[in-house]
């Protein structure tokens with residue numbers, strides 16, 4: 001989905017790669033949709049009818065990740081009460097998506113490299129080699145070559161994983177797609193929750209197209225879900241957006257203040273900051289607190305302390 005040149009080029013690349021069994025490394029910021037691309041590669045491949053298993057390597061400790069990947073034998077460690085297959089065995093014939101591959105320990109990197117090279121692996125506590133046919137698609141939100149230079153990732157594993165490398169563009173680099181994605185997810189969540197599709201005014205879409213979306217597509221998706229539920233059966237105006245989105249084009253008004261000529265008067269500085277935030281938030285304390293990065297309680301305390309216009 002998308003009309004931005006960067007995304008069109010990426011989707012063309014995906015179409016070519018999907019027809020192969022080559023390993024793929026997907027890089028990009030958090031929330032750009034790396035797992036969705038991995039799933040697309042699976043669905044367009046000869047493995048489409050087989051398992052697609054996703055695992056976040058950063059979510060598990062070294063020992064738990066090893067046993068989850070390769071399985072273990074009864075008695076291999078405390079609480080290992082029976083032989084258990086790992087997800088590599090479960091994914092046999094299909095695809096394994098390893099997110100945040102950069103977080104793997106060097107020991108696990110060596111074991112994964114062995115599996116990629118010859119399809120062989122050892123369950124924890126076993127001396128018997130098992131085999132599986134699994135396509136590996138890995139993802140990273142970190143600069144892999146820098147991590148290799150630091151000695152934290154094996155170069156040979158990197159080259160085995162990145163037969164093809166896909167770079168996911170952040171949403172701010174394809175603003176042409178923001179409107180399309182907004183409409184798509186608003187319809188999606190309306191259907192999911194059996195509600196009328198939320199409608200955005202033109203100036204709302206324009207404001208959201210200015211926003212940098214640090215959380216990328218995931219953040220946009222969450223906003224659409226929030227608006228669908230909280231603003232059901234309404235036409236959404238700019239005043240209905242959370243403050244961080246309403247100030248997309250001019251956040252600097254809160255950040256840049258004119259300081260007193262004689263020294264730094266913290267009373268004046270903080271009072272001016274609070275007043276400007278409240279003005280931009282149109283007197284809504286919760287929105288002003290969000291602009292300032294404070295809790296509502298902390299902002300109420302400062303308003304009372306300094307006598308800001310709240």
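The values are calculated or read from the model by the stated rules, or taken from the named source; none is laboratory data. A quick note: this is a predicted structure, and the numbers were derived from the prediction, not measured. All Cβ positions, even for glycine, are placed from backbone atoms using ideal geometry, and neighbour counts span all protein chains on display.
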Notebook entry, point to check: Do the conditions hold for residue 17, that is, is it in the same structural domain as residue 110 (by TED's automatic domain parsing), surrounded by 14 or more Cβ atoms within 10 Å (Cβ to Cβ), over 20 Å from residue 114 (Cβ atoms) and in contact (Cβ under 8 Å) with a residue 40 or more places away in the chain?
Noted result: yes
Notebook entry, point to check: Would you pick out the residues in the stretch 165-196 that are assigned to a strand (DSSP E or B) and surrounded by 18 or more Cβ atoms within 10 Å (Cβ to Cβ)?
Noted result: 166
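Have a look at 171, 220 and point out the one that is under 24 Å from residue 35 (Cα atoms), without any contact (Cβ under 8 Å) to a residue 60 or more places away in the chain and either in the same structural domain as residue 240 (by TED's automatic domain parsing) or touching a helix residue (DSSP H, G or I) at 6+ places or on another chain (Cβ under 7 Å) (or both).
None of the others qualify; the one that does is 220.
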Item checked: Criterion: under 20 Å from residue 10 (Cβ atoms) and either at pLDDT 95 or above or under 22 Å from the mean Cα position of the chain (by Cα) (or both) - qualifying residue of 156, 167 -> 167
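Condition first: within 21 Å of residue 37 (Cβ to Cβ) and either in contact (Cβ under 8 Å) with a residue 60 or more places away in the chain or not assigned by TED's automatic domain parsing to the domain that holds residue 165 (or both). Can you find one or more residues in the stretch 104-121 that meet it? Spell out the reasoning first.
So the first thing to find is which residues in the stretch 104-121 are within 21 Å of residue 37 (Cβ to Cβ), and the list is 104, 112, 116.
Those left that are additionally either in contact (Cβ under 8 Å) with a residue 60 or more places away in the chain or not assigned by TED's automatic domain parsing to the domain that holds residue 165 (or both): 116.
Yes, that holds for at least one residue.
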Check: (1) more than 22 Å from residue 30 (Cα to Cα); (2) in contact (Cβ under 8 Å) with a residue 24 or more places away in the chain; (3) surrounded by fewer than 17 Cβ atoms within 10 Å (Cβ to Cβ): which one isn't true of residue 202, the others all being true?
Finding: (2)
Next item on the list: Would you confirm whether any residue within the stretch 75-85 is buried (at least 22 other Cβ atoms within 10 Å of the Cβ) and not in a loop (DSSP other than H, G, I, E, B)?
Entry: no
Checklist line | In the stretch 145-164, the residues that are assigned to a helix (DSSP H, G or I) and in contact with a strand residue (DSSP E or B) (Cβ under 6 Å, 6 or more places away or on another chain) | finding: 161
Next item on the list: With the condition kept exactly as written, say whether any residue in the stretch 63-74 is part of a strand (DSSP E or B) and not assigned by TED's automatic domain parsing to the domain that holds residue 216.
Entry: yes
Check: From the list 42, 50, which one is part of a loop (DSSP other than H, G, I, E, B), touching a residue at least 24 places away in the same chain (Cβ under 8 Å) and in the same structural domain as residue 135 (by TED's automatic domain parsing)?
Finding: 50
Next item on the list: Could you list all residues from the stretch 126-144 that are assigned to a loop (DSSP other than H, G, I, E, B), surrounded by 16 or more Cβ atoms within 10 Å (Cβ to Cβ) and either outside the structural domain of residue 76 (by TED's automatic domain parsing) or at pLDDT below 95 (or both)?
Entry: 141
Next item on the list: Return only the number of the condition from (1) surrounded by fewer than 20 Cβ atoms within 10 Å (Cβ to Cβ); (2) free of Cβ contacts under 8 Å to residues at least 40 places away in the same chain; (3) not assigned by TED's automatic domain parsing to the domain that holds residue 88 that residue 150 does not satisfy.
Entry: (3)
Notebook entry, point to check: Looking at (1) under 22 Å from residue 178 (Cβ atoms); (2) in a strand (DSSP E or B), which is the only condition residue 25 fails?
Noted result: (1)
